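Notes to accompany the following structure.
Coordinate-derived values only; no laboratory data. Small disclaimer: the values here were computed from a predicted structure and weren't measured. Counting neighbours? That spans all protein chains shown, and the Cβs are built from the backbone with ideal geometry, glycine included.
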Amino acid sequence: MQTSVIGFPRIGALRELKFASEKYFKGEIDAEALQQTAETLRQTHWTTQKNAGIDFIPSNDFSFYDTFLDTAVLFGIVPKRYKELNLSPLDTYFAMARGYQGTSGDVKALAMKKWFNTNYHYIVPELEDDTDIRLSGDKLWKEYEEAKALGIETKPVVAGAYTLLKLCRCTGERPVSDFIDATIRAYQELLEKCNRDQIAWIQFDEPALVRDMDQSDSDLFHQIYDALLPCAKQCHVLLQTYFGDVRDIYPGLIKMPFAGIGLDFVEGKETLALIQKYGFPKDKLLFAGLINGKNIWKNHYEKTLKTVAELKAAGIQTVLSTSCSLLHVPYTLRQEDRLAQEYLSYFAFAEEKLTELGELSVLADSKDYTADALYQSNHTLFTADRNCSHAEVTDRLSHITERDYIRLPERSERQKLQKKVLGLPELPTTTIGSFPQTKDVKTNRSAFRKGEISEQEYKDFNRKKIAECVAWQEEIGLDVLVHGEYERNDMVEYFGEALGGFVFTEKAWVQSYGTRCVKPPIIWGDVYRKKPITIEWSVYAQSLTKKIMKGMLTGPVTILNWSFPREDISIRESISQIALAIRDEVLDLEANGIRMIQIDEAALREKLPLRRSDWHKEYLDFAIPAFRLAHSGVKPETQIHTHMCYSEFTDIIPAIDDMDADVITFEASRSDLQILDALRENHFETEVGPGVYDIHSPRVPSVEEIVNALNTMLTKISRDKLWVNPDCGLKTRAKPETDASLRNMVAAARQVREKK
């Protein structure tokens, strides 16, 4: 049986791409050195897949920042403000992704949003009225030839035209429909070039097909591919979908002359049922996504092989594939020296998933796979007891009542009381939580973990940094302070280490965006709080100032969504367990004099089902109550904040308001404050702080820029409900740019207050 991979992690086994890119940004290496690192990584990744026996190996899935941005550049979708910088093609690309501030000009980065229901972020392309969409780049062919020179035939990967048009943002007067014909011509040119270069297969990624589609969406899809497919000729087109099923278009889709269609059998709830009902053409290849590309648990061979057997029995030519790109899982288990075998035996990262594809390929072709040692070993794994339950957690959950989800009195009454008690000025200024994690901070944490310094030395250092941070904020003039989070490696991992039920890796890094990589914890068993987590640091920080110190927590939804979840219990049960653990921390903070507590839910939208009909019953109906469960026990005068970032929130504003927080901060600057209209239209009751500047870019916003943003906000939000803050935490930023940006932010807030 043949095998295929949709995409492969590009950062490298040891994050080589991240470190090389950051050196390039700092001017420590030149473009040639960066390109050499990239070439080495690509060759390693192709060779790894070839050696694993993968038949359909992707190329052009490598990116310096984001493959969706790569597709935009490939077709010349580059806004004028970036072209006018007159930078090199590489630096123009990075300016689009990160922003630019230097001798050539000053531009913000393009908007960044979550990639469907993942923790990966894509860069949103912009279509200006005079954008000339045409084939402009050669990256796809260069990387194909690069692989071919190694003796490896690949299938180049590119975002499909339908998904590109659905995710692009029009910034002028022309609607996206005006760009359809030009987009089709550009993709036709791409296919014609693939024909000339004798490329056997090309993969068009169309994840937008798994969302709700109406007739106009279906018509657009058919319009595009009815025009494109006749151009394929010698080049076979693989239409690749993932993150769900294609129920709205499946009957028509299978009649179209694609050489192969990739379907997700993991998150595609209806995929198998669609095939059973409508069949699948015998003249096409079905790329069956049966290996989970988003989670790290081993594949259950028995279930997979039963599905494969059913497909074979129906006479369907099947290629065994990943459910989505392996970009979303860590690179390899080989680096995990400290994890006990009892854990390791259950996990499969990207390299191990290649092994699973190979083993399943052999088993699928076996006359009696149940007799094979590979099958038997896997079967034993899934029938054994992992001993991951905790009786006290089960008992506590069973005693939760509806009253535990309700905070009294109503928010409007609490807001009046809080304004009186807290005594803050109009347009209060604050930050989202973290401050720059400088080299000395990371060194201190690393030394403690390695046993090179004592716990007391570690704590003394952090206390010194907190004291400096508090003094720094007071000198800047911020109204509400934070302690800086110097003790935290990651906003989820830090909490997970104090919670029972979590397992942690050493080097299991996953790309979130650009050079930002995260190391998600693994939820192994029932979750509970083992000990207080933040109390010591928050109380100490508050003792240093008369101003209000926010207690900083990560919320239950984000902890779940930014971890690799269990597959043996429901998401609803897991999130409720975490909510109770965070509730314990919230109440302890309050009991220790912390009057303002921020429970970050940066990832609230992340696991929202892609189909609107599933939003409530499969997610919001328990995710929103989980947040309320975490904070509902506090006193009315204790102010609860939350924070969300880099997702499209406008369509779930009522649900967000229903979280019953007192204040919420949003990412807003990179999306040009688009959320403001949605807040006003939905009569948003929560006090709100839309971010006034982008922290994922090194550029410093001017006072005038922030003043203009605040004045725009005040046309949509009342003065008594508006907070002033950056988009997100400042962990990844350098101190000089942080200082300058915050000073400008405080100055802007004061200026707007005075011009009341």
With a Förster distance of 25 angstrom and the Cβ-Cβ distance between ALA498 and THR394, calculated FRET efficiency to the nearest 0.05 equals 0.75
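Once you list every other residue whose beta carbon is under 15 Å from the beta carbon of GLU192, what net charge do they have if Lys and Arg are +1 and Asp and Glu are -1?
Working: positive: ARG134, ARG185, LYS193, ARG196, LYS233; negative: ASP138, GLU189, ASP197.
My count for the surroundings of GLU192 gives +2.
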Out of VAL73, SER697, ALA33 - ranked by how far each Cα lies towards the positive end of the dipole of the chain, with unit charges on the beta-carbon of charged residues - the top one is SER697
Taking 0.36 nm per residue of separation between LYS439 and LYS419 and subtracting their Cα-Cα distance, the length gained on full extension comes to 3.3 nm
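Name the GluC sites (Glu not before Pro) in the range 346-410 that are in a loop by DSSP and that have at most 15 other C-beta atoms within 10 Å, would you?
Working: sites: GLU351, GLU352, GLU356, GLU359, GLU392, GLU402, GLU410; in loops: GLU410.
Filter output for the range 346-410: GLU410.
If we count every other residue with Cβ under 11 angstrom of ASP720's Cβ, Lys/Arg +1 and Asp/Glu -1, where does the sum land? Don't jump to the answer; show the numbers that get you there.
Numbers: positive: LYS416, LYS419, ARG719, LYS721; negative: GLU426, GLU687.
Residues close to ASP720 contribute a combined charge of +2.
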With label points set 7 Å from each Cα along the Cα-to-Cβ direction at GLN456 and ALA471, the distance between them in nm comes to 2.3
Taking a ≥ b ≥ c as the square roots of the Cα gyration tensor eigenvalues, with a/c under 1.5 meaning rounded and otherwise prolate when a/b beats b/c or oblate if not, the range 416-754 comes out rounded
Partner lysines whose C-alpha sits under 17 Å from that of LYS550, ignoring same-chain residues fewer than 8 away, are LYS419, LYS465, LYS635, LYS731
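Between GLU342 and THR370, what FRET efficiency comes out of the Förster formula 1/(1 + (r/R0)^6) with R0 = 25 Å and r the beta carbon distance, rounded to 0.05?
Numbers: r = 25 Å, r/R0 = 1.01.
Calculated value: 0.50.
Using 0.36 nm times the number of residues separating HIS300 and ILE569, minus their current alpha carbon distance, what extension gain do you get? If you can, show how the numbers build up before the last one.
On the way: separation 269, 0.36 × 269 = 96.84 nm, distance 1.54 nm.
In short, 95.3 nm is gained.
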Calculating mean projected area of the Cα convex hull in nm² from this structure picks out, from [x] 34.0; [y] 31.6; [z] 39.7, entry [y]
By Cβ neighbour count within 10 Å, fewest first, VAL557, VAL510, VAL482 rank VAL510, VAL482, VAL557
Site LYS277, offset 7 angstrom along Cα→Cβ, radius 16 Å on amide nitrogen, limited to the range 191-231, gives 210-214
Fewest-first ordering of SER361, SER4, SER434 by Cβ atoms within 10 Å yields SER361, SER434, SER4
Taking the chain and counting helices only, DSSP H stretches of n ≥ 4 at -39,500 (n - 2.57) each over all residues, the nearest-500 ellipticity at 222 nm comes to -12000 deg cm²/dmol
Interchain or sequence-distant (5+) residues whose placed amide H lies within less than 5 Å of the amide H of HIS236 are TRP201, ILE202
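Are there DSSP H segments in the chain that both extend 27 Å or more along their axis (alpha-carbon positions) and score a mean Kyte-Doolittle hydropathy of at least -1.0? List them, or say none.
On the way: long enough: 31-51 (30 Å, -1.31); 455-476 (31 Å, -1.26); 571-591 (30 Å, 0.35); 735-754 (28 Å, -0.83).
Helix filter hits for the chain: 571-591, 735-754.
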Most exposed first, judged by fewest Cβ atoms within 10 angstrom, TYR693, TYR528 run TYR528, TYR693
